[in-house]
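The values are calculated or read from the model by the stated rules, or taken from the named source; none is laboratory data. Quick caveat: nothing in here was measured; it's all calculated off a predicted structure. When we count neighbours, we look across all protein chains shown, and the Cβ atoms used for this are built from the backbone with ideal geometry, even at glycine.
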Amino acid sequence: MIRKLLRRVFRRAAPESILREPAVISVEQHGVHREQISPAALKVCAVLQENNHKAYVVGGAVRDLIIGQPPKDFDVATSATPEEVRALFRRSRIIGRRFKIVHVMSGPETIEVSTFRAMQDAESAQTDEHGRVLHDNVYGSMAEDATRRDFTVNALYYNPSDETILDYHHGVADLQQKTLRMIGDPRVRYREDPVRMLRAARLGAKLGLSIDPAARGPIREMSSLLENVPPARLFDEMLKLLLSGHAVKCLRQLREEGLHHGLLPLLDVILEQPMGERFVWLSLENTDERVSQGKPVSPGFLFATLLWHEVLADWEARKARGEHAQPALFEAMDAVLDKQAGKLAITRRIVGDIKEIWALQPRFEKRSGKSPYRLLEQARYRAGWDFLRLRAESGELPMELPEWWDEFAHTSSENREAMLQPERNTGPRKRRRRRKPNGGGGADGDFSE
Ligand code: ATP
Ligand code: MG
């Protein structure tokens, strides 16, 4: 009670952070020129300003341009309400239930336009029993909008018309000093939204910034708050992290912060499992490499690798109990995915991709008869083979197996016939218990559904 009262008085008495005048940083100081902003974002800002609204490019894009990384996308913040924005752009739509934002389409681009938001105040906002803010849908001043953002480097407002940056929280200086600093009291901010802990790790790794000790300190003890975050949101955030192009660095950072422990079964698997560790790091390195080369990465493939050794362990255990290989694999797959689902909601489409890749694996062991031909025709053959090669590279299987398939896939049909193994000897491990009383249906080792 008393603490609540004190906090209320304190909050009333200390709104200086939202009354603060921003520093105006000139283009000579920050170096970001109008030409580096996407044409769509320039247009959105210009139209809004012509109609007497404030409008700035904000967030990640400004930050990335200052440190010389290509921005992922351009967001605009404005004093106009969503309805006012909607009325100014023919190709636009209002989205979001909790907090309305407007998507403005221009050429191939979509610009996310959000109205300045009021500060989240743990007193007035609706929170869950751990203090996590559930709703924050009040519009506010530009200074408030800056203060409710997470890190100082994310609270920079770029005005394309004069190329200045308005900086309320010394974000430009922090960027130059390579520091990721939280706006406000980190403990309070993590309580409001525990996902900020993951963002700290991700942005630190992506930008090469070190997390300010005040923001870094509380993470270890507060990490359990992440358990209350809705699984779908956690999945989004994990996906961003894993596909950031800096997954290896991010996960090392998470481990350092103690953030993986008991937090997500997935992270425990990734970071604690001796058997699968080499496999997982290889896969993450692979992913980072692909991102840096601008190649597409499939989330399904990535999650399939992250969870594979769990499946393998469960599958082996089932087989050791005498279950048949094929149904045992499918049960192991479901068991592992179900365990994840409680905390991290992998979307259904991605779960489908994961299962396809896993289900193909035992089929690579059959190198006789018709089944290699059928496997080659599978739509997901290539993903399945990439996965197989990764297993071999990590030492789980002999390299000879993916090499055999690579040759088989690319050689003439006569050579293929010659490559096939005699019917009875199916690959590296001989199947000794083939003829079981109830083994009636389907070809052994054929996993097509
Ligand atoms: P990325 O490079 O991944 O896009 P980003 O910082 O732009 O990084 P977004 O999720 O696109 O991340 O968010 C856009 C902006 O919204 C951020 O720069 C930050 O100002 C603000 N923001 C995002 N998430 C939060 C959060 N959890 N709490 C407070 N502010 C946030
Ligand atoms: Mg962004």
Residue, surrounded by the most Cβ atoms within 10 Å (Cβ to Cβ), within the range 342-360, restricted to residues that are out of contact with any Gly (no Cβ under 7 Å at 6 or more places or on another chain) and part of a helix (DSSP H, G or I): W358
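This table checks each residue for (1) more than 16 Å from ligand 2 (Cβ to nearest atom); (2) not β-branched (V, I, T).
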| residue | (1), (2) |
| --- | --- |
| R132 | yes, yes |
| S141 | yes, yes |
| T147 | yes, no |
| A155 | no, yes |
| L166 | yes, yes |
| R181 | yes, yes |
| P186 | yes, yes |
| Y190 | yes, yes |
| M197 | yes, yes |
Residue check: is Q120 modelled with pLDDT under 90, surrounded by 16 or more Cβ atoms within 10 Å (Cβ to Cβ), more than 16 Å from A55 (Cβ to Cβ) and of a type in the set (S, T, N, Q)? yes
Considering each of K295, K240, K249 in turn, give the residue that is within 16 Å of ligand 2 (Cβ to nearest atom), among the basic types (K, R) and at pLDDT 85 or above. K240
Which pairs have Cβ atoms under 8 Å, sit 6 or more apart or on different chains, and link a residue in the range 56-76 that is charged (D, E, K, R) to one that is assigned to a loop (DSSP other than H, G, I, E, B) and near ligand 2 (Cβ under 9 Å from one of its atoms)? D64/P71; D64/K72; D75/G59
Sort out which residues of the range 28-48 are more than 16 Å from ligand 1 (Cβ to nearest atom), part of a loop (DSSP other than H, G, I, E, B) and under 16 Å from D167 (Cα atoms), and write them in order of number. G31
Would you mind stating whether H103 is more than 11 Å from ligand 1 (Cβ to nearest atom) and not in a strand (DSSP E or B)? no
Give all pairs with beta carbons closer than 6 Å in which a residue from the range 365-391 that is closer than 14 Å to W404 by Cα meets a residue that is part of a loop (DSSP other than H, G, I, E, B); count only pairs at least 6 apart in sequence or on separate chains. E365/G427; K366/T426; K366/G445; R367/Q421; R367/G427; S368/L420; S368/Q421; S368/E423
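If I filter the range 398-415 down to residues being of a type outside the set (S, T, N, Q) and either surrounded by fewer than 11 Cβ atoms within 10 Å (Cβ to Cβ) or not assigned by TED's automatic domain parsing to the domain that holds F364 (or both), which single residue comes out as farthest from the chain's Cα centre (by Cα)?
Initial filter on the range 398-415 (of a type outside the set (S, T, N, Q)): 398-410, 414.
If we keep only those that are either surrounded by fewer than 11 Cβ atoms within 10 Å (Cβ to Cβ) or not assigned by TED's automatic domain parsing to the domain that holds F364 (or both) as well, we get 400, 410, 414.
Numbers: E400: 34, H410: 35, E414: 46 Å.
So, considering only residues that are of a type outside the set (S, T, N, Q) and either surrounded by fewer than 11 Cβ atoms within 10 Å (Cβ to Cβ) or not assigned by TED's automatic domain parsing to the domain that holds F364 (or both), the one farthest from the chain's Cα centre (by Cα) is E414.
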Please pick out the residue among L337, L329 that is surrounded by 15 or more Cβ atoms within 10 Å (Cβ to Cβ) and either closer than 27 Å to L243 by Cβ or touching a Gly at 6+ places or on another chain (Cβ under 6 Å) (or both). L337
Filter the range 329-357 down to residues that are over 19 Å from G276 (Cβ atoms) and not charged (D, E, K, R), then give me how many there are. 8
Tally of residues being within 14 Å of V58 (Cβ to Cβ), assigned to a loop (DSSP other than H, G, I, E, B) and either within 16 Å of ligand 2 (Cβ to nearest atom) or under 24 Å from the mean Cα position of the chain (by Cα) (or both) across the range 73-96: 2
A careful count of residues in the range 209-236 that are crowded, with 18+ Cβ neighbours inside 10 Å, touching a Leu at 6+ places or on another chain (Cβ under 6 Å) and under 23 Å from Q340 (Cβ atoms) gives 4
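Check whether at least one residue in the range 49-63 is part of a helix (DSSP H, G or I), away from ligand 2 (no atom under 16 Å from the Cβ), at pLDDT below 95 and polar (S, T, N, Q), and report yes or no.
Initial filter on the range 49-63 (part of a helix (DSSP H, G or I)): 49-50, 60-63.
Those still in the list that are away from ligand 2 (no atom under 16 Å from the Cβ) too: 49-50.
Remaining after also requiring at pLDDT below 95: none.
Checked against the condition, which is being part of a helix (DSSP H, G or I), away from ligand 2 (no atom under 16 Å from the Cβ), at pLDDT below 95 and polar (S, T, N, Q), the range 49-63 yields no hits at all.
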Which pairs turn up if I take residues in the range 186-201 that are under 11 Å from G131 (Cβ atoms) and look for partners that are at pLDDT 95 or above and among the aliphatic types (A, V, I, L, M) with beta carbon separation below 8 Å, at least 6 apart in sequence or on another chain? R189/M182; R189/I183
